[in-house]
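Below is one structure, written out as structure tokens; comments come after it.
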Amino acid sequence: MYEDFTQEPKDERAQKKRKARACEAETDRKPVRDAPRGMPLWRKIALGITFAFAAFSVLILVAVINSSDDYSPQEQIKYSDFYKKDGEIYALVVGTGYFAIPDADAASFRVLDFGSGYRSNVAADKNAVYCGNIAMSELEPARTKAVAFGYVSDGQVSYFCDGEAVPNDALGAFKLTYQTLAHIFWDAPKPQSYIYKFKRMDAADLRQIAGVYYAAQGSRAFYKGEVLPSADAASLRRIEGSDGRASGVYAADGANVYFKNLRLDARDNGGHYDLFRQWLSYFLWDAKSGDVFANDLKFDPAAAPYAPLNRQLAHSNHLLFASPGGIYYFDENDGKQKRAADNPFTGEVCALSGSVFQSGERIYFLERADVWGGGRSTRRLVARKSGLFALELPHEWRRVGGVHGGLYGWVYSNGGRFFYFDDLGSSQLIDRCIYEIRDLDLVEILLQKSSLGTSKIREMIKSGGLEAVDGELLFEIKTRVEF
């Protein structure tokens, strides 16, 4: 017989079984190190909060998508914010949509017409007089009529109804969100985030003066229902800038100057003014005294006289004013005048374009930048910057001609080189102020009398025919943006 090597001896098999049982027993006694542990409590809480926030965000998104007005306007009543549908009256409140006026009587409903293209947000029926969708009390509807822009009276009781909707202060963010969700999912009334404010006035026999929102009773003058202190109603006029356009917020009466209903620390100079805008702020420059007002804030008289450096914001986020004591600006964020830097100019400042100036042998130009924050889905404007730059070339600057009649900018030459000084700015996606014209064939194209679109200038920049010019940065302004 031969020996079978595929079969282990019995003693060896038994010994292996004993070793295997011993290893299993030892494994049972050792702690399990590689098995996954349970999730910590803090992580469970964090994940729960994250999922809850995500679900809430989806809910809000659905709410926004579905928050279109339940009513689509069909029949506008005259030139007004009022509409009619299926026998019901609705008011359009700018910023928040259409609202039904439940108690309005469609048969007797009439718009109070202020005339001269003023879109009325005041109406009456047999029951009440309405400012937007809200009734104004104690007016006799049948006798109530429009007496001045925004002003109504029944001969005894008078009101001012503002034509500009403002945020509803009584409705906070949480309350607005809750009411919006309730409106969408549970058919609750739609929240009103904007309203037209109105004010009862201690006046009768009102008449129109000056312009929109101004009225008078006898010698008293009003702006948006508020008295203008010491104003002479008969002489009150809206201030006009050097371009002939009249202000909607600055007025004068031959003696005093007013911002809305506030009397300013200034005397009326008879009409030598300029008017500017910076985002949400209004500016008045007295060309005789050199005083500057930002809204109702008077720039420090100790640094006067001031002269405006730029009059628009094509390449600057701030209006700059030069005085012997420095360069100044207004910070909208905190409502204060601030000093940007020392005055860099060596003599008289001459404007070459809206954002380019010459003083002595150097030219100066403005450029701007916006600072954005947040992530890809939460991107928001957090700050605005403006900078003043200097550039010096050896030859005299000579104006060659205007681009689109000077509306877009100007072509200048210096020696044998040509430059385009832009006045379009960032709103037309032209971020730089001065460009050297590298392709001289473009000089003729820029100066041609036929219409030249802004897209053509952007193409010239993209192709390299216009090349941005850098300068020496003299100072930079940066202000925060808060919404």
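The values are calculated or read from the model by the stated rules, or taken from the named source; none is laboratory data. Note that the structure is predicted; figures quoted are calculated from it, not measured. Cβ coordinates were reconstructed from backbone atoms using ideal geometry, including for glycine residues, and neighbour counts include every protein chain displayed. Just so you know, the surface numbers come from the protein's heavy atoms only, side chains and all, with ligands and any DNA or RNA stripped out. Shrake-Rupley method; radii C 1.70, N 1.55, O 1.52, S 1.80 Å.
Numbers at a glance
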read-out	value
Single residue of segment 414-435 satisfying the filter (of a type outside the set (Lys, Arg) and more than 22 Å from residue 310 (Cα to Cα)) that is surrounded by the fewest Cβ atoms within 10 Å (Cβ to Cβ)	416
Output for segment 298-324, where each listed residue is open to solvent by 10 Å² or more (accessible area, probe 1.4 Å) and either in contact with a Gly (Cβ under 8 Å, 6 or more places away or on another chain) or part of a loop (DSSP other than H, G, I, E, B) (or both)	300, 302, 303, 304, 305, 307, 309, 311, 312, 313, 314, 324
Within segment 159-176, considering residues that are free of Cβ contacts under 8 Å to residues at least 24 places away in the same chain and among the small types (Gly, Ala, Ser), the one farthest from residue 205 (Cα to Cα)	173
Residue within segment 239-252 that is within 19 Å of residue 148 (Cβ to Cβ) and either touching a Cys at 6+ places or on another chain (Cβ under 7 Å) or part of a loop (DSSP other than H, G, I, E, B) (or both) present	no
Count - residues of segment 404-438 that are within 13 Å of residue 356 (Cβ to Cβ), in contact (Cβ under 8 Å) with a residue 24 or more places away in the chain and part of a strand (DSSP E or B)	10
Single match in 235, 230 (criterion: in a loop (DSSP other than H, G, I, E, B), out of contact with any Lys or Arg (no Cβ under 9 Å at 6 or more places or on another chain) and among the small types (Gly, Ala, Ser))	235
Qualifying residue in segment 185-198 (condition: in a strand (DSSP E or B), in contact (Cβ under 8 Å) with a residue 60 or more places away in the chain, touching a Pro at 6+ places or on another chain (Cβ under 9 Å) and not aromatic (Phe, Trp, Tyr))	yes
Criterion: within 29 Å of the chain's Cα centre (by Cα), assigned to a strand (DSSP E or B) and in contact (Cβ under 8 Å) with a residue 40 or more places away in the chain - qualifying residue of 457, 477	477
Residue selected from segment 105-150 under the condition open to solvent by less than 10 Å² (accessible area, probe 1.4 Å) and of a type in the set (S, T, N, Q), by the criterion farthest from residue 86 (Cα to Cα)	144
Restricting segment 104-163 to residues that are among the acidic types (Asp, Glu) and closer than 16 Å to residue 78 by Cβ, the residue that is modelled with the lowest pLDDT	113
Identity of the residue in segment 76-104, open to solvent by less than 40 Å² (accessible area, probe 1.4 Å) and in a loop (DSSP other than H, G, I, E, B), that ends up farthest from residue 190 (Cα to Cα)	77
Every residue from segment 122-171 that is under 21 Å from residue 216 (Cβ atoms) and among the aromatic types (Phe, Trp, Tyr)	149, 151, 159, 160
Residue satisfying condition, being open to solvent by 100 Å² or more (accessible area, probe 1.4 Å) and within 33 Å of the chain's Cα centre (by Cα), within set 482, 467, 444	482
Residues of segment 279-297 satisfying the condition of being assigned to a strand (DSSP E or B) and surrounded by fewer than 18 Cβ atoms within 10 Å (Cβ to Cβ)	281, 297
Some residue of segment 257-264 being at pLDDT 95 or above, part of a loop (DSSP other than H, G, I, E, B), open to solvent by less than 30 Å² (accessible area, probe 1.4 Å) and among the hydrophobic types (A, V, I, L, M, F, W, C)	no
Selection within segment 212-235 - of a type in the set (Ser, Thr, Tyr), open to solvent by 60 Å² or more (accessible area, probe 1.4 Å) and more than 19 Å from residue 265 (Cα to Cα)	219
Residue match in segment 393-402 (condition: under 33 Å from the mean Cα position of the chain (by Cα) and of a type in the set (A, V, I, L, M, F, W, C))	no
Residue check, residue 385 in contact with a strand residue (DSSP E or B) (Cβ under 8 Å, 6 or more places away or on another chain) and either of a type outside the set (Phe, Trp, Tyr) or modelled with pLDDT under 95 (or both)	yes
